[in-house]
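Enquirer: The structure follows.
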Amino acid sequence: MTARDFVWGVSTAAYQIEGAVAEDGRGPSIWDTRCRTKGGVSDGSSGDVACDHYHRWREDVALLRAIGVGAYRFSVGWPRVLPRGRGAANEAGLAFYDRLIDALLEAGIEPWLTLYHWDLPQALDDLGGWTSRDCAGWFADYAALVAGRYGDRVKRFITFNEFSVFTLFGYAIPWAAPGVTDRAAHLKAVHHVNLAHGAAVDVVRALVPGASIGAIHNRQIVIPEGDLEENREPAALLDEHWNLVFPDPQILGFYPPRTAAAIEPYVKAGDMARIRRPVDWFGLNHYGPIFAKADPNFVWGYGWGSPPEGSPDHGFGWPIFPEAFRDELTLIARRYRLPIVVTENGCNTDDAPDANGEVHDPRRILYLKLYVQAMRDAMAAGADVRGYFLWSLLDCFEWGNGYGPKFGIVHVDRETQKRTLKDSARWYAEMIRTARKDP
Ligand code: IFM
């Protein structure tokens, strides 16, 4: 692969940027419900308006073009195209993504389409959501609708974004929708999502000639807090739930040991073969390592611990450790033997426009420099990394943390929706230009 073939992009997700939640026939999702639940989002906000991307998509495509990315990863909102999750499709919702995809292609930007970035239609959650085995079939039908509609123009498909975040925080630790806290519900969700992934891979493969299909795993090394004995087993269990229960069955064909026995009641004959379907690349989202500790307040007996005193971090305790990113890439390359695409990496900093209307975000630039270098180090050591997508284009709705954290390389004024390129956007643009010139 030459430097010219390496994909430089940015990522976003439907619920985090689109807004227009009640427009043109979109149905409610579990995140609409979560935002209306007391305590569901720390600042009481919602994705009702978000970045108003549903109306401002032209401006956002122009931003992508100005930055010079070669690819844009976005997600299709399942409730926008299938308001009740299944059954009648919503033509207005489908047409929105037609317009977006066409504009991207016209701008010379390759669309990378994520099928699921956490916005399960509420109507399906009412029927059990991911705890119901039927959800795998509903997802496959939705995948068929999307692949059939856009597969003439989109070739890069992603089944799910960050399996372990939405299953663990949705069904065991109550930090995300639908906010269930139950071991059995969590295990069922894990297995049914794995089945849904396998089914969607087959559907997209069958419907889209030349499709390049991946799934996105948020892998982060799990370190026992304080290196204490009492935190070791909790960290090992979290490591399975966070890092292994999706890529292992999907790519290697088995569940890791602690989970294998617990999940057995939900596994039927033939399931492991249904889950292990060939994918073309491994999507990695990575921000920093996790420190875990024993915590009886959560159903699995583990919780999030703290990094060592004085560790650099970029907000809400997320530590900055580029070496862990390098090691993660190397480990994935050896364990799964697939090309890797970094589908998210980025940094939360709270820089706002100064008196001249400029947004200087040197901490983000430093973080990105360190992490891009770590990726290059992993590549030099043999990891076959094919692309890097920065999270994120815009300051947007950050799930349970509302609009507090800001990951965008473009500042979005919450009142006016005015977009302002931050220094990091200019830095990224220059970095891409330079990287493309490398032999
Ligand atoms: O905003 C999220 C995204 O939706 C999934 N990955 C992590 C990002 C930052 O928290």
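The values are calculated or read from the model by the stated rules, or taken from the named source; none is laboratory data. Note that the structure is predicted; figures quoted are calculated from it, not measured. With ideal geometry, Cβ positions are generated from the backbone for all residues, glycine too; neighbour counts draw on all protein chains shown. The area values use the complete protein model at the heavy-atom level, side chains included, leaving out ligands, DNA and RNA. Shrake-Rupley method; radii C 1.70, N 1.55, O 1.52, S 1.80 Å.
Enquirer: Any residue at all in segment 383-405 that is without any contact (Cβ under 8 Å) to a residue 24 or more places away in the chain and more than 15 Å from the ligand (Cβ to nearest atom)?
Expert: Checked against the condition, which is being without any contact (Cβ under 8 Å) to a residue 24 or more places away in the chain and more than 15 Å from the ligand (Cβ to nearest atom), segment 383-405 yields no hits at all.
Enquirer: Report yes if V69 is assigned to a helix (DSSP H, G or I) and either of a type in the set (V, I, T) or within 16 Å of the ligand (Cβ to nearest atom) (or both), otherwise no.
Expert: Numbers: assigned to a helix (DSSP H, G or I): no; either of a type in the set (V, I, T) or within 16 Å of the ligand (Cβ to nearest atom) (or both): yes.
It is false that V69 is assigned to a helix (DSSP H, G or I) and either of a type in the set (V, I, T) or within 16 Å of the ligand (Cβ to nearest atom) (or both).
Enquirer: For segment 207-250, which residues satisfy the criterion of being open to solvent by 30 Å² or more (accessible area, probe 1.4 Å) and closer than 25 Å to G387 by Cβ?
Expert: Listed by number, the residues that qualify are L207, P209, G210, I221.
Enquirer: In segment 254-264, is there at least one residue being in contact (Cβ under 8 Å) with a residue 60 or more places away in the chain, over 29 Å from D125 (Cα atoms) and part of a helix (DSSP H, G or I)?
Expert: In the first step, residues of segment 254-264 are kept if they are in contact (Cβ under 8 Å) with a residue 60 or more places away in the chain; the result is 259, 262-263.
Cutting the leftovers down to over 29 Å from D125 (Cα atoms) gives us none.
No, segment 254-264 has no match at all.
Enquirer: Can you confirm whether segment 336-359 contains a residue that is among the basic types (K, R) and more than 16 Å from the ligand (Cβ to nearest atom)? So that I can check it myself, show each step before the final result.
Expert: At the first step, the residues of segment 336-359 found to be among the basic types (K, R) are 337.
If we keep only those that are more than 16 Å from the ligand (Cβ to nearest atom) too, we end up with 337.
Yes, because at least one residue in segment 336-359 is among the basic types (K, R) and more than 16 Å from the ligand (Cβ to nearest atom).
Enquirer: What residue, of A189, A269, is surrounded by fewer than 19 Cβ atoms within 10 Å (Cβ to Cβ), away from the ligand (no atom under 16 Å from the Cβ) and either part of a loop (DSSP other than H, G, I, E, B) or modelled with pLDDT of 95 or more (or both)? Lay out the reasoning, then the answer.
Expert: Working: A189 fails: surrounded by fewer than 19 Cβ atoms within 10 Å (Cβ to Cβ).
Within the list A189, A269, the selection yields A269.
Enquirer: Let me ask something else about it. Among A176, A95, which is the only one that is among the aliphatic types (A, V, I, L, M), within 27 Å of V41 (Cβ to Cβ) and either open to solvent by 20 Å² or more (accessible area, probe 1.4 Å) or within 16 Å of the ligand (Cβ to nearest atom) (or both)?
Expert: Within the list A176, A95, the selection yields A176.
Enquirer: Looking at this structure, is L284 open to solvent by 20 Å² or more (accessible area, probe 1.4 Å) and either within 23 Å of W391 (Cβ to Cβ) or more than 16 Å from the ligand (Cβ to nearest atom) (or both)? Explain how you work it out, then say what you get.
Expert: On the way: open to solvent by 20 Å² or more (accessible area, probe 1.4 Å): no; either within 23 Å of W391 (Cβ to Cβ) or more than 16 Å from the ligand (Cβ to nearest atom) (or both): yes.
Judged against the criteria, L284 is not a match.
Enquirer: Next up: For segment 137-173, how many residues meet the condition of being farther than 26 Å from A71 by Cβ, out of contact with any Gly (no Cβ under 8 Å at 6 or more places or on another chain), part of a helix (DSSP H, G or I) and open to solvent by less than 10 Å² (accessible area, probe 1.4 Å)?
Expert: Residues in segment 137-173 being farther than 26 Å from A71 by Cβ, out of contact with any Gly (no Cβ under 8 Å at 6 or more places or on another chain), part of a helix (DSSP H, G or I) and open to solvent by less than 10 Å² (accessible area, probe 1.4 Å): 3 in total.
Enquirer: Here is a further query. Collect the residues in segment 141-170 that are of a type in the set (V, I, T) and more than 12 Å from the ligand (Cβ to nearest atom), keeping them in residue-number order.
Expert: We begin by selecting, within segment 141-170, every residue of a type in the set (V, I, T); these are 146, 154, 158-159, 165, 167.
Listed by number, the residues that qualify are V146, V154, I158, T159, T167.
Enquirer: Can you name the residue in segment 24-48 that is surrounded by fewer than 17 Cβ atoms within 10 Å (Cβ to Cβ) and free of Cβ contacts under 8 Å to residues at least 60 places away in the same chain and, of all such residues, is nearest to L394 (Cα to Cα)?
Expert: The extreme case among them is D48.
Enquirer: Could I ask something else about it? Just give me the residues in segment 219-246 being under 19 Å from R276 (Cα atoms), within 16 Å of the ligand (Cβ to nearest atom) and out of contact with any Leu (no Cβ under 8 Å at 6 or more places or on another chain), in sequence order. Can you show your working first?
Expert: Residues of segment 219-246 under 19 Å from R276 (Cα atoms): 219, 240-246.
From the residues that got through so far, the ones that are within 16 Å of the ligand (Cβ to nearest atom) too are 219, 242-243, 246.
Matches in segment 219-246: N243, F246.
Enquirer: Using the structure shown, decide if W31 is touching a helix residue (DSSP H, G or I) at 6+ places or on another chain (Cβ under 9 Å) and within 16 Å of the ligand (Cβ to nearest atom). Reasoning before the result, please.
Expert: Details: touching a helix residue (DSSP H, G or I) at 6+ places or on another chain (Cβ under 9 Å): yes; within 16 Å of the ligand (Cβ to nearest atom): yes.
Answer is yes for this residue.
Enquirer: Looking at segment 301-311, is at least one residue more than 24 Å from I340 (Cβ to Cβ), outside any strand (DSSP E or B), out of contact with any strand residue (DSSP E or B) (no Cβ under 9 Å at 6 or more places or on another chain) and not hydrophobic (A, V, I, L, M, F, W, C)?
Expert: Kept after step one, since they are more than 24 Å from I340 (Cβ to Cβ), are these residues of segment 301-311: 301-311.
Now narrow it down to the ones that are outside any strand (DSSP E or B): 301, 305-311.
Among the residues that remain, those that are also out of contact with any strand residue (DSSP E or B) (no Cβ under 9 Å at 6 or more places or on another chain) are: 309-310.
Those still in the list that are not hydrophobic (A, V, I, L, M, F, W, C) too: 309-310.
Within segment 301-311 (the criterion being more than 24 Å from I340 (Cβ to Cβ), outside any strand (DSSP E or B), out of contact with any strand residue (DSSP E or B) (no Cβ under 9 Å at 6 or more places or on another chain) and not hydrophobic (A, V, I, L, M, F, W, C)), the answer is yes, since at least one residue qualifies.
Enquirer: Further question: Can you give me the number of residues within segment 303-322 that are under 23 Å from the mean Cα position of the chain (by Cα) and open to solvent by less than 30 Å² (accessible area, probe 1.4 Å)?
Expert: 6
Enquirer: If you don't mind, another one. Where in segment 330-439 are there strands (runs of 3 or more DSSP E), lying wholly inside it, with at least 3 residues that are surrounded by 22 or more Cβ atoms within 10 Å (Cβ to Cβ) and either touching a Gly at 6+ places or on another chain (Cβ under 9 Å) or modelled with pLDDT under 95 (or both)?
Expert: Details: elements: 340-344, 385-391, 410-412, 419-421.
Here the list reads 340-344, 385-391.
Enquirer: For segment 312-329, enumerate the residues that are assigned to a loop (DSSP other than H, G, I, E, B) and not aromatic (F, W, Y).
Expert: P312, H314, G315, G317, I320
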